[in-house]
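Student: Here's a structure for you.
The values are calculated or read from the model by the stated rules, or taken from the named source; none is laboratory data. This structure is a prediction, so every number in the text was calculated from the model and none was measured. Positions of Cβ are backbone-derived with ideal geometry, glycine not excepted, and every protein chain shown enters the neighbour counts. Accessible surface is based on the protein model in full, side chains and every heavy atom, while ligands, DNA and RNA are left aside. Shrake-Rupley method; radii C 1.70, N 1.55, O 1.52, S 1.80 Å.
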Amino acid sequence: MHWNLEWLRTFKAIYETGTLSAAAQELFISQPGVSLHLNSLEAYTGTKLFDRLARKMVPTEKGKIFYNYIIDPLKKLENGEQHFHKRSQNERITISVGMCFETFQYTLEEYIAELPFNLIIKFGEYPQMQHDLDNGLLDLIITPKKGTQQNIFYESFSKERIVLIAGNKTDTSEIEQLIEESEIEKVADLLKQQLWYSTAADMTHLRDFWTNNFGEHPDFSPNYIVPNISSIIRCLSDNSGFSIVPDFLCSDALINNKIKIVWKGLNPVENTLYFGTRKKTMYQQEINQLENLLKEKWEN
């Protein structure tokens, strides 16, 4: 294991500013991220580098020695970075974005070639995305769930409705008749007898829709478990079977009559979608451009 250069940058910022919060502002990362870097450095060196007082970080004697040891080579590295950065006039900055695979595929994928900056897309669970955003590993996330990190700002920009869909070759007449007659228990019983598609990673949509409309957890297992919602929609297109998915993800298949919405539910399940960003970032212009592209896509 080797120490990370970012740990040294963080140590220097804490030493020179005197507080974790001021170091976080200087480095454009979260205060928990600063603490994580410092804790990792102290664990690696086996040395306490600061005394943590109420409003100030006071370097220990070994902390002072460590600062004097690293400051000259670190400044040389920073000067070299500035020198070569100035010589690279056409260098593109890189923005890291966290979102689910389907959201990327249906919204941002088509715009990639037009962006004037590099883009790294990361897929994963929402809590991990929030953690990575807070610690500076991501610059923007799209999430239906707010986190509790104080350093993250959430802006709502759209809603998704969770709906019951079926392939266009599915006979849904009996189910639709029962829905019209408000025979909800019979609707549930009949749906349990159908062919169902879901994903291995997330059955939240099915559980939430079922609980909200039938007052119970789904007590059946889907017949087909596929990698993601895009796979579900492709499998159902011009075919038979049911699934429960966010409506915006199947808009193209609906327009082309490959699938159909069977029911939006007695009690519609809606999720608010949020942009998540750190409250202070060096890449606000690029983030604004991405957000505007995504808003335009959702509005269309």
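Student: Any of 12/280; 192/295; 122/146; 146/279; 56/76 with alpha carbons more than 26 Å apart? Name them for me.
Tutor: Among 12/280; 192/295; 122/146; 146/279; 56/76, the Cα-Cα distance tops 26 Å for 192/295; 56/76.
Student: Follow-up question, since we're still on this one. Indicate, rounded to the nearest 5 percent, the antiparallel portion of the DSSP beta bridges found entirely in the chain.
Tutor: Percentage antiparallel, nearest 5: 70.
Student: Follow-up. Rounded to the nearest percent, how much of the accessible area of the range 1-52 (1.4 Å probe, protein heavy atoms only) is carbon and sulfur?
Tutor: 52 percent
Student: Computing the accessible area with a 1.4 Å probe over protein heavy atoms, can you report the carbon and sulfur percentage for the range 135-249?
Tutor: Accessible surface attributable to carbon and sulfur in the range 135-249 totals 44 percent.
Student: Would you kindly state the longest site-free stretch of the chain, with sites defined as GluC sites (Glu not before Pro) in a DSSP loop (not H, G, I, E, B) surrounded by at most 16 other Cβ atoms within 10 Å?
Tutor: Here the longest run is 1-90.
Student: Let me ask you something else. Which value in nm describes the separation of the simple spin-label points at residue 195 and residue 296, placed 7 Å from the Cα toward the beta carbon?
Tutor: The two pseudo-label positions are separated by 4.0 nm.
Student: Would you grab the residues whose amide H sits under 5 Å from the one on residue 119? Only those 5+ places off in sequence or on another chain, please, with H modelled 1.01 Å from N.
Tutor: Here the answer is 95, since their amide H atoms fall under 5 Å of that of residue 119.
Student: How would you order 241-247, 148-154 from highest to lowest mean count of nearby Cβ atoms within 10 Å?
Tutor: By packing density, highest mean first, the sequence is 241-247, 148-154.
Student: Next question, about the same structure. Mind jotting down the distance between the C-alpha centroids of the range 247-261 and the range 137-160, whole Å?
Tutor: Using only Cα atoms to place each centre, the spacing works out to 27 Å.
Student: Something else now. Cut-off under 14 Å on the C-alpha distance; same-chain residues fewer than 8 positions from residue 169 excluded. Which aspartates and glutamates are left, in chain and number order?
Tutor: 238
Student: Then there's this: If you roll a 1.4 Å probe over the heavy atoms of the protein chains, what accessible area per residue do you get for the chain, in Å²?
Tutor: 55 Å²
Student: So how far apart, in nm, are the two label points at residue 157 and residue 251 if each is 7 Å from Cα heading toward Cβ?
Tutor: 1.3 nm
Student: Right, next: Can you tell me the FRET efficiency between residue 40 and residue 121 if r is taken as the Cβ-Cβ distance and R0 is 25 Å, rounded to the nearest 0.05?
Tutor: About 0.40, to the nearest 0.05.
Student: Given the options 121, 95, 179, state which has the largest fluctuation in a GNM of the chain using a 10 Å cut-off (strictly under) for Cα springs.
Tutor: With Cα springs under 10 Å in the chain, the top fluctuation among 121, 95, 179 is at 179.
Student: Going by a ≥ b ≥ c, the root eigenvalues of the Cα gyration tensor, does the range 91-148 fall in the rounded group (a/c under 1.5), the prolate group (a/b larger than b/c) or the oblate group?
Tutor: oblate
Student: In straight Cα distance, which aspartates and glutamates are under 18 Å from residue 159, not counting same-chain residues fewer than 8 positions off?
Tutor: Excluding near neighbours in sequence, the set is 102, 208, 247, 252, 270, 291, 296, 299.
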